[in-house]
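Every read-out reported here was derived from the displayed coordinates using simple, explicitly stated rules and does not represent laboratory data. Computed from a predicted structure; not experimentally measured. As a convention, Cβ positions derive from the backbone with ideal geometry for all residues, glycine included, and neighbour counts pool all protein chains shown.
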Amino acid sequence: MNHFQYLASTSVSQAQQWLQDHAQSKLLAGGMTLIPSMKHRLIAPEHLIDIVKLSDLHGLVVHDDCLQIGAASTHQFVADSSVVNQTIAGLAQLAGGIGDPQVRARGTLGGSVANNDPAADYPAALLALGATVVTTQRHIQADDFFLGMFSTALAEDEIITAVQFSIPLRSAYAKFRHPASGYAMAGVYVAQFASGYQVAVTGAADGVFRWSEAESALAEQRTDLKLQHPGLLDDMHAPAAYRAQLASVMLDQAFKKLI
Amino acid sequence: MTSNRTMTTTQATHHDQTLSRQEDYKLVTGQGHYTADVHYPGMLHAFVIRSMYAHARITRMDLSAVAAAPGVHRVITAEDVAAFGANALPNALAVKDIHGEPQKVVRMPVLAREKVHFVGQPIAMVIADSADLAQDAAELTDIEFEVLPAAADIDTALAQELPLHEGVAHNLSARFQAGDEAATDQAFQNAVHTSQLKVVSQRLIGMPMEPRAVVVAPAKGAEKIKIHTPTQGMLGMVGNIAATTGLKPDQFEVLTDDVGGSFGLRGAAYSEHVLLVLAATQLNKPVRWVGSRSEVFMSDWHGRALTLNGEVALDAQGKILGMRFKDQVDLGAFNCYMSTFIGTRNISITMGGVYKVPALYMQSDLVFTNTVPVSAYRGAGRPDIAYAVERLIDHAAHEHGFDPIELRRQNFIPPAEFPYTTANGTLYDLCECERLMDRALELSNYYSFESRKQMSESLGKLRGIGLATYLEASGAGTAPKDQVIGEFSAAGVLTVYGVTGASGQGHQTSFTQIIEKHLGLEPQSIQYRAGDPSHIMVGNGTGGSRTLYGAGSAIKNLCDQVVGKLKTLVESLWTCSADQVDFKHGVFELRITQGADSNPKFITTQDLIQQLSPEQRQQLNAVGEAQSGTTFPNGCHVAEVEIDPRTGVTEVVNYTAVDDLGNLISPQLVLGQVHGGVVQGWGQAFTEQVVYDANGQLLTGSLMDYALPRLGQLPQIHHETMTVSTELNLLGAKGVGEAGCTGSLPSLANAMMSALRPFGIQAMDMPFTSAKVWAALVQRT
Amino acid sequence: MNISLHINGQVRAAETDDRTLLVNLLRDHLGLTGTHVGCDTSQCGCCTVLLDGQAVKSCTMLAAQAQGSQITTIEGLAPASTGALHPVQAAFSKCHALQCGFCTPGMVMATVSLLEKHPHPTDAQITEGLSGNLCRCTGYLNIAQAVKEAAAQLAS
């Protein structure tokens, strides 16, 4: 990788200051996306600001019907947490299927959300669970947060500190893994609230999206519908029609394992 | 019914723990010594600047900024390589074409000069204080290309007006033929039924887990240039490096310690070997190059890339009258090493498979494309032709209403006709195809498949069963014989020096087992050293699955010689005559004659050697040798698959393999080879494929896009061996290394076709990815 | 940058670059070459070590990130004084779960971590537990067997 200076921050405000001071800087949490990109020299920040150990970015809080998870929580932490398993079991199950065990030991919720890879798992959960992204500056609703491939509403020096998930009656996640990368070729998060179902799809298009037709269908206990979406991915691994099909199958699987 | 003649399953021990192989202790404790582990003080690091275009002229190149970058010692270009006197990279075989004209051979230059021919082709090398600094410097390369139209596939290449290489019209390196065209044409004219099937054995990435690497230390005083690199036998690499660099073999040593897999890819010199020799000698410093995985994806020779178009002619009853093939061989951008061998000999010598085929003929077009050069990968054409034959037989059976089992049965070469010479001149020693197949049918519960199929269908799944009876020809070897040198130390430890080391096959362990059995020494008194520069002998490297029976036979011969010498010593010890001493199971025994009143006398090899003087021990030294040619491992594999039509995902629910691998020396290691080969076959059948776009850009450039098999994707393999010994070598063994993938490709494909055919899908090529299977089913329903 | 790490029960110090990966610190600076580099997309698992008890890919971490953590590499798995093997190492050999050995250190470390979490793993847990490790030689069947063998040994 190219040269950079490594800075281990001791507080969120220090990290923020450094972000403002150094134009070509990036936050480092788990590094599961950042480090490989830097190894391939696809990006070359001049400063890496390590925030993964900051206590303000860790912790679980349950209040009212909301579960708040610290941004630096690793996927393994979320998967194993009894609090998460008792409040939003589907979320724990999603976290337990991200990447592989070694990746889960380091990768973080905040990192995944900030990166917004179109095939990442967490964004589907945030959308389906009506989550709020808590940053150093504001609270951003999930619907307003994910703007497109690798693009979010975050400002340059804005740091995600936590994510607040609405606690559903039940939820589940099902994904069809890409045989090489392991990322979702279609990942569907289904959440059931008193007001109805919320369904989000990742991996199939250039960004995560809500599948409103599925939400209506599930209200009628139906999962037999085809995904129609203008931006379905079409590449050498899977044509658009196949991804649409996978989304349908994952919808069915997720619905059947709601917990 | 397992008729293994198993040899002693010897296990090494270390601190009272049982190890399956002697090699295991260092490998499980992280004390293996691979090339990237080699360290010299003051070592410099190299980085290769590679082409990002598939076909282009280099119109301008300025590396001055690279040379001036921090930590850089040297930048090497094609001019430097020419001044050094290096030659192009080796090509193992050139053939005469169909008109008797010499093949148009274009060897790969060490560094591209005016033109680049594939994405990944080396253009220059940077040597710096660290790998990071070398790569930093390489980013300053100022280079301009005039991009030319690329031919990334054979059809485009054959149609191309402006070829890759001057003088090679339509990129055709050669059109080759083998067999009897007239006789085969006649057979097809006489046929009642004919069938045709074109199959593609797609381009693959070999992917040994250890990335390619080279470390070179310059000559120092009396010490020669040292070249550390993974190989498949030191001698082959010595020859390659001598031929390309112009150095004499006595000026350098090739040192290979542990190798992280090879599968055919380590047999020859690459550009980096030559470049590092140049760099180390001219800078007078040790230099290291280790490829990154993405880099290795675009520079290790690729595998397979064959299109095999077969036809079979049958009489009214289904007896085969003839077979012919029209094949296309994608060479990649240059003739590298084994590609011609694969595209001519290897896809023709066993093109009749296990069948009695009176007339055989093939033609193959060897074509250049703007892609990574292709060479040997596990089986090197033999699994591919077995695949084509077995799919063709199944296809013909279904097309003309024959049962695929009975069609095979009536066409197997009958045991009484062995040794059998095929219509195109290959001599098979002995195969018992029918017995093997019957056992495989029994073991796989083949005839109760229908009930399992109905069960799958009731659950909304498709189910298929496929069988393949294969035969493959293991390596004939290029050296006139295999030799090993046995030397006893003063303390009585036997060190056997051989040409080839292992890359996972466990040669050390197998060779030890041979010596234990035939000489009677205990494992702690045996050592094996491969590629020791101070012990030169004649012999083959590893390739074509021949090492165990090839080098192993030489070791047996060595043992027999040592036993002979020991017998002479025993005779004087017991004051008896030669015919009174027997040697069996490591023990010398005095044969008691009738009426004699002497006590029985016996002594083990181990004890006998202990009684000798150091001088006597060293007089036991000998050179073992043997000539071992091609053997014909064969077998019957049965695969059963279940497909989820909603996703196109295929699960292999049963896999049965009955193989004839001759005498087994190390059954556990043999089974390990079968597992590895079957799973590599699974990978080709379901997930692996190199994809280039029309511009010759490598789309499957990393493991993010190239899907390797993972744990859990294959169920248990039910395996039995049925030993039909061979007399083609002293051990009676047949080569196992490539048998597993030879059986798995066709059995898995035939199983898929069995499941898909009811839906009107008559033909489909590998890989049977879930997307491809789903799309095919959707189109039909 | 001056790095000080706890590795295999010892404090080891090295002078490195900010951009030095943990795997390169181990291999090139500390001579612990048992941990291998097999890919550059963090998929093959050959570089797996234990960091504070969890299996991680050392090729996807900066050495700097490992400060303050306890690291165990393959060299530290078995007690050096006796030369005896850790049950996972012994099981891999017994079950012929290694051929070329290049993926083996990573496979062993991932297995150690898996068995700590699931002492009696199901087939599904073994598949998931080793989903971050690739092997090209063995075909995996013996590796799954070795995990079960090691589990049985550790339990007894």
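So which trypsin sites (Lys or Arg not before Pro) in the range A:1-77 end up in coil per DSSP with only 13 or fewer other C-beta atoms within 10 Å?
Answer in residue order: A:Arg41.
Efficiency by 1/(1 + (r/R0)^6): what FRET value for A:Val61 and C:Thr122, r their Cβ-Cβ distance, R0 = 25 Å, to the nearest 0.05?
The formula returns an efficiency of 0.15 here.
Order of B:Leu608, C:Leu22 from fewest to most other C-beta atoms within 10 Å?
With the fewest neighbours first, B:Leu608, C:Leu22 line up as B:Leu608, C:Leu22.
I want to check the label-to-label distance for A:Leu225 and A:Arg170. Put each point 7 Å from Cα in the C-beta direction and report it in nm to one decimal.
Each label point is offset 7 Å from its Cα along the Cβ direction, giving 1.9 nm.
Using only the Cα atoms of the protein assembly as shown, what are the Rg and Dmax in Å?
31.0, 108
What's the local net charge at C:Asp40, with K and R +1, D and E -1, over the other residues with C-beta under 9 Å away?
My count for the surroundings of C:Asp40 gives +1.
Can you check what the Kirkwood hydrodynamic radius comes to for the range B:477-626, Cα pairs only, in Å to one decimal?
Kirkwood hydrodynamic radius for the range B:477-626: 16.1 Å.
Using a cut-off of 13 Å between beta-carbons, work out the net charge of the residues near B:Ile603 (Lys and Arg +1, Asp and Glu -1, B:Ile603 not included).
-1
Taking the Cα atoms of the range C:2-76, what is the range of coordinates along each of the three principal axes, in descending order and whole Å?
Here the Cα extents, ordered largest to smallest, are 28, 24, 19 Å.
Mind listing which trypsin sites (Lys or Arg not before Pro) in the range A:96-143 are in a DSSP loop and have 14 or fewer other Cβ atoms within 10 Å?
A:Arg138
So in the range B:477-626, what percent of DSSP beta bridges are antiparallel if you round to the nearest 5?
75
Can you pull the three principal axis extents for the Cα set of the range A:1-56, in Å, largest first?
Principal extents (Cα only, largest first): 31, 22, 12 Å.
In which sequence would B:Ile349, B:Ile555 go, from the one with the fewest C-beta neighbours within 10 Å to the one with the most?
Least to most surrounded, the residues fall as B:Ile349, B:Ile555.
Based solely on its DSSP helices, what 222 nm [θ] is calculated for chain C when runs of n ≥ 4 H residues each add -39,500 (n - 2.57) and the sum is averaged over all residues, nearest 500 deg cm²/dmol?
It lands at -8500 deg cm²/dmol.
In Å³ and rounded to a whole number, note down the convex hull volume per residue for the Cα atoms of the range B:331-430.
120
Which of A:Thr136, C:Thr48 has the fewest other C-beta atoms within 10 Å, and how do the rest follow up to the most?
Final ranking by Cβ density, sparse to dense: A:Thr136, C:Thr48.
Around B:Ile98, with a cut-off of 11 angstrom between Cβ atoms, what is the net charge of the other residues, counting Lys and Arg +1 and Asp and Glu -1?
Residues close to B:Ile98 contribute a combined charge of -2.
Hey, got a sec? Which trypsin sites (Lys or Arg not before Pro) in the range A:152-226 land in a DSSP loop and have at most 15 other Cβ atoms within 10 Å?
In loop regions of the range A:152-226 (DSSP not H, G, I, E or B), the sparsely surrounded trypsin sites (Lys or Arg not before Pro) are A:Arg222, A:Lys226.
For the charge dipole of the range A:170-256, defined by +1 on Lys and Arg C-beta atoms and -1 on Asp and Glu C-beta atoms about the Cα centroid, which residue among A:Pro230, A:Thr202, A:Val190 has the Cα displaced farthest towards the positive pole?
A:Val190
Considering only A:Gln24, A:Pro36, A:Ile51, whose Cα is most displaced toward the positive end of the charge dipole of the range A:1-56, charges sitting on Cβ of Lys, Arg (+1) and Asp, Glu (-1)?
The Cα lying farthest towards the positive end belongs to A:Pro36.
When the convex hull of the Cα atoms of chain B is projected onto a plane and the area is averaged over all directions, what value comes out in nm²?
One quarter of the hull surface, i.e. the mean projection, equals 37.6 nm².
Mind jotting down a quarter of the surface of the convex hull over the alpha carbons of the range C:87-155, in square nanometres, one decimal?
3.7
Starting from the 7 Å offset along Cα-to-Cβ, what nm value, one decimal, do you get for the label separation of A:Ser195 and B:Ala763?
Output for this residue pair reads 5.8 nm.
At a temperature of 37 °C and a viscosity of 0.692 mPa s, determine how fast the range B:627-775 diffuses translationally according to Stokes-Einstein, using the Kirkwood radius over alpha-carbon pairs as Rh; express D in µm²/s, rounded to the nearest whole number.
Using the Kirkwood radius from Cα pairs, D works out to 195 µm²/s.
Only bridges whose two residues both fall in chain B count here: according to DSSP, what percent of them are antiparallel, nearest 5?
So the antiparallel bridges in chain B amount to around 80 percent.
Evaluate the distance, in nm, between pseudo-label points positioned 7 Å from the Cα of B:Lys319 and of A:Gln14 along their respective Cα→Cβ axes.
About 9.0 nm separates the two model spin labels.
What dipole magnitude, in Debye to the nearest 20, does the protein assembly as shown give about its Cα centre under +1 on Lys/Arg Cβ and -1 on Asp/Glu Cβ?
The dipole magnitude comes to about 940 debye.
How high is the FRET efficiency from B:Arg646 to A:Met149, r the C-beta distance, R0 25 Å, rounded to 0.05?
Taking R0 as 25 Å, the efficiency between B:Arg646 and A:Met149 is 0.35.
So which lysines can B:Lys584 reach, going by Cα to Cα under 19 Å and dropping same-chain residues fewer than 8 places off?
Cross-link targets: B:Lys517, B:Lys556, B:Lys565, B:Lys567, B:Lys601.
Taking Cα atoms of the range A:170-256, Rg/Rh with Kirkwood Rh, to two decimals?
That ratio equals 0.96.
So which lysines can B:Lys224 reach, going by Cα to Cα under 18 Å and dropping same-chain residues fewer than 8 places off?
Candidates past the 8-residue exclusion: B:Lys248, B:Lys285.
Using Cα pairs closer than 8 Å and at least 6 residues apart in sequence, work out the relative contact order for chain B, in percent.
Once divided by the residue count of chain B, the mean separation gives 16 percent.
Which lysines, if any, have their Cα less than 29 Å from the Cα of B:Lys326, not counting same-chain residues under 8 positions apart?
Those lysines meeting the cut-off are B:Lys96, B:Lys104, B:Lys198, B:Lys356, B:Lys772.
For n ≥ 4 DSSP H runs only, could you compute -39500 (n - 2.57) per run for chain B, divide by its residues and tell me the 222 nm figure to the nearest 500?
Result for chain B, helices only: -8500 deg cm²/dmol.
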